[in-house]
Amino acid sequence: KAGVTQTPRYLIKTRGQQVTLSCSPISGHRSVSWYQQTPGQGLQFLFEYFSETQRNKGNFPGRFSGRQFSNSRSEMNVSTLELGDSALYLCASSPLAGEETQYFGPGTRLLVL
Amino acid sequence: SQQGEEDPQALSIQEGENATMNCSYKTSINNLQWYRQNSGRGLVHLILIRSNEREKHSGRLRVTLDTSKKSSSLLITASRAADTASYFCATVSPGGGADGLTFGKGTHLIIQP
């Protein structure tokens, strides 16, 4: 099976802009989770989607949002970008919601200037 | 917020030696997992140990869990240059992992050839 894919792999934006990141889970996986990784805060949970519904959300401002489509593909959006949003954004998929083991994609590296 | 704290933050050893990393966490868990990350890329799941288990093996990996001390250790035996990576522990809280995986800040392991 193909692994989790994320597009784009690298992105440069300026403050105030918005960005949309995409994630395609492993075929048959219906749960998609998003994580933010920064040198200062480490890996932090953003949200999880299952069957097109947000199942839970981490402690991030409302500028961070996401959605999931009927084919389980997911997008996350960050509006009004701030310098501190520069990070590696990782998507992970699993067959069902709340699964213990998650399968990660390569990540999208976002740089906000 | 970070649940786990890995120790040491960085570890450099010679190829062929054993590498031990420790992880401490704060709240009760359903299970604890270890992931590897190469050069800021996606995470790869290594091993999962449940809260009612004390030790688990997978190839050259050995994981222990002490729930009374809220700590875990990962031992990599006969290290190889390809083991150079960052290693993260991640916990899943009781109740179906509603908060996603909670990661520690990681141990950066360097294997000297």
Exercise for the section: With respect to residue A:78, determine if the residue is more than 8 Å from chain B (Cβ to nearest Cβ), open to solvent by less than 20 Å² (accessible area, probe 1.4 Å), touching a residue at least 60 places away in the same chain (Cβ under 8 Å) and out of contact with any Leu (no Cβ under 6 Å at 6 or more places or on another chain). Expected result: yes
Handout entry: Count of residues meeting criterion [in a loop (DSSP other than H, G, I, E, B) and either within 13 Å of the chain's Cα centre (by Cα) or buried (at least 17 other Cβ atoms within 10 Å of the Cβ) (or both)] in the stretch A:25-39
Key = 4
Handout entry: Answer from A:66, A:105, A:42, A:58 - the residue that is open to solvent by less than 50 Å² (accessible area, probe 1.4 Å), on the phi > 0 side of the Ramachandran plot and either in contact with a Leu (Cβ under 9 Å, 6 or more places away or on another chain) or not β-branched (Val, Ile, Thr) (or both)
Key = A:42
Exercise for the section: May I ask you to list pairs of residues, at least six apart or on different chains, whose Cβ atoms are under 7 Å apart, with the first in the stretch B:48-68 being farther than 18 Å from residue A:99 by Cα and small (Gly, Ala, Ser) and the second being open to solvent by less than 40 Å² (accessible area, probe 1.4 Å) and part of a strand (DSSP E or B)? Expected result: B:58/B:47
Problem - Residues that are assigned to a loop (DSSP other than H, G, I, E, B) and open to solvent by less than 10 Å² (accessible area, probe 1.4 Å), drawn from the stretch A:81-102 - result: A:81
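Considering each residue of the stretch B:1-53, count those that are of a type in the set (Gly, Ala, Ser) and outside any strand (DSSP E or B), and give that number. Break it down stepwise before answering.
Initially, the stretch B:1-53 is screened for residues of a type in the set (Gly, Ala, Ser), giving B:1, B:4, B:10, B:12, B:16, B:19, B:24, B:28, B:39-40, B:42, B:51.
So of that shortlist, the ones also outside any strand (DSSP E or B) come out as B:1, B:4, B:16, B:28, B:39-40, B:42, B:51.
Within the stretch B:1-53, residues that are of a type in the set (Gly, Ala, Ser) and outside any strand (DSSP E or B) number 8.
The values are calculated or read from the model by the stated rules, or taken from the named source; none is laboratory data. These numbers come from a predicted model, not from an experiment. Cβ: placed from backbone, ideal geometry, glycine included. Neighbour counts: every protein chain shown. Quick note on the areas: whole protein, heavy atoms, side chains included, nothing else; ligands and nucleic acids left out. Shrake-Rupley method; radii C 1.70, N 1.55, O 1.52, S 1.80 Å.
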